[in-house]
1. What's the total number of residues in region 27-57 that are under 21 Å from V325 (Cβ atoms) and β-branched (V, I, T)?
2. Is it the case that some residue within region 46-58 is more than 14 Å from the ligand (Cβ to nearest atom), within 22 Å of the chain's Cα centre (by Cα) and crowded, with 22+ Cβ neighbours inside 10 Å?
3. Based on this model, can you work out whether R165 counts as more than 20 Å from A117 (Cβ to Cβ), over 19 Å from the mean Cα position of the chain (by Cα) and in the same structural domain as W112 (by TED's automatic domain parsing)?
4. Residues of region 5-41 being in contact with a helix residue (DSSP H, G or I) (Cβ under 6 Å, 6 or more places away or on another chain) and either among the aliphatic types (A, V, I, L, M) or closer than 11 Å to A313 by Cβ (or both), which ones?
5. Which residue, of R155, R121, R133, R70, is at positive phi and among the basic types (K, R)?
6. Can you name every residue in region 276-301 that is within 12 Å of the ligand (Cβ to nearest atom) and either farther than 23 Å from T104 by Cβ or surrounded by fewer than 17 Cβ atoms within 10 Å (Cβ to Cβ) (or both)?
7. What pairs come up if the first residue lies in region 292-308 and is of a type in the set (G, A, S), the second is within 11 Å of the ligand (Cβ to nearest atom) and assigned to a helix (DSSP H, G or I), and their beta carbons are under 6 Å apart, counting only those six or more places apart or on different chains?
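The values are calculated or read from the model by the stated rules, or taken from the named source; none is laboratory data. This is a predicted model, so every value here is computed, not measured. Every residue, glycine as well, gets a Cβ built from its backbone with ideal geometry; the counts of neighbours run over all protein chains shown.
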Amino acid sequence: MPSRVFVTRRIPKPGLDLLAAAGVRTRIGQTDDETAVPRAVLEDGVRWGGVLVSLLTEPVDAALLALNPRLLGVANCAVGYDNIDVAAATALGIPVSNTPGILTDSTADFTWALLLAVARRVPEGDAYVRAGRYKLWGVNLMLGADVSPGGSGQRKVLGVIGYGRIGAAVARRAAGFEMDVLAYDPEARARIDADPGVAWAELDDLLAQSDFVTLHPALTDRTRHLIDARALRRMKRTAYLINVARGPVVDEAALVAALRGRRIAGAALDVFEREPALAPGLLECDNVVLAPHMASASVDTRGRMAAAAAENALAHLRGERAPNVVNSGVYETAAYRERTAAGG
Ligand code: GLV
């Protein structure tokens, strides 16, 4: 078995420990916490390693994958893998894996943290106190929107777009807030219909009826800019948009215009269209809560994700089926057989 894994950036210790315990040599491409791994470092690492462990910050494209005819796999330390050209990997006979399931709860919890934060103005309240502006309690201070029926007694509607593991986990948590839940995901119609307490809605209906719209689809050609100016116009003026999925699902320039014009009440974003860059004007909007792509960032979850990525990497190295392979058809290809026969 080849015994070298190139890890693009320092993953949490449980992952590195697993690789070390298996006798694997690792090289880490990261230079510091704020600089993306330079392309030349990535290329060197891919040529050096038998397997690549990547993060969502590294574009793993066809040209990078083609650099090493003995590369035996790519283990992405994330559930999303839109940073990887999976079609190119499959054509080259390279299995690709991810870390599904592990981060479902942490991400669903954080979705609610953002939803509550923007509706109840938590960051504004914090900033107000820190700035020394809290001189006298006020009956009109920091008025926000209820998530539960609250003062109006009216149940609120949560619209879930993308009904995979995370979308469904977000929907389950809505019961505690006595919300009605609508869901839209053409790939999960049967699951939505089978879930008690969740009703299918076409996209336009969901947008028009929801008080909170929360986004959980994978980024694909179909979901890129799913929320554009037209979709934002469909939303209630009192509604909030939450995105913990992928930035490009939202047309961020259109969102800035909607926030500025108060065409929606607010938004909370954990991801950005050109991450980490922000669309012009976003930072100046006072009705948006911003987070640095941290929805799965709990100590336990990130540690377990790193361990899962390491387990996938070890399986790739051994020429075994990886527990979380995303292109399982690759194992039947001649390209894969040739690659593994080459000895990795
Ligand atoms: C985070 O965004 C992930 O895909 O794991």
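1. We begin by selecting, within region 27-57, every residue under 21 Å from V325 (Cβ atoms); these are 46, 49-56.
Then keep just the ones that are β-branched (V, I, T); that gives 46, 51, 53.
Residues in region 27-57 being under 21 Å from V325 (Cβ atoms) and β-branched (V, I, T): 3 in total.
2. Within region 46-58, one or more residues are more than 14 Å from the ligand (Cβ to nearest atom), within 22 Å of the chain's Cα centre (by Cα) and crowded, with 22+ Cβ neighbours inside 10 Å.
3. No, not satisfied.
4. Within region 5-41, V5, F6, I11, G15, L18, L19, A22, T26 meet the criteria.
5. Just a single option satisfies the conditions, and that option is R121.
6. P292, M294, A297
7. As it stands, the answer is A295/T107; A295/F110; S296/S106; S296/T107; S298/S106, since those pairs meet every condition given.
Here's the yes/no breakdown for (1) within 20 Å of the chain's Cα centre (by Cα); (2) of a type in the set (S, T, N, Q):
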{"residue": "R274", "(1), (2)": "yes, no"}
{"residue": "A277", "(1), (2)": "yes, no"}
{"residue": "P280", "(1), (2)": "no, no"}
{"residue": "D286", "(1), (2)": "no, no"}
{"residue": "A291", "(1), (2)": "yes, no"}
{"residue": "R302", "(1), (2)": "yes, no"}
{"residue": "A306", "(1), (2)": "yes, no"}
{"residue": "N312", "(1), (2)": "yes, yes"}
{"residue": "R321", "(1), (2)": "no, no"}
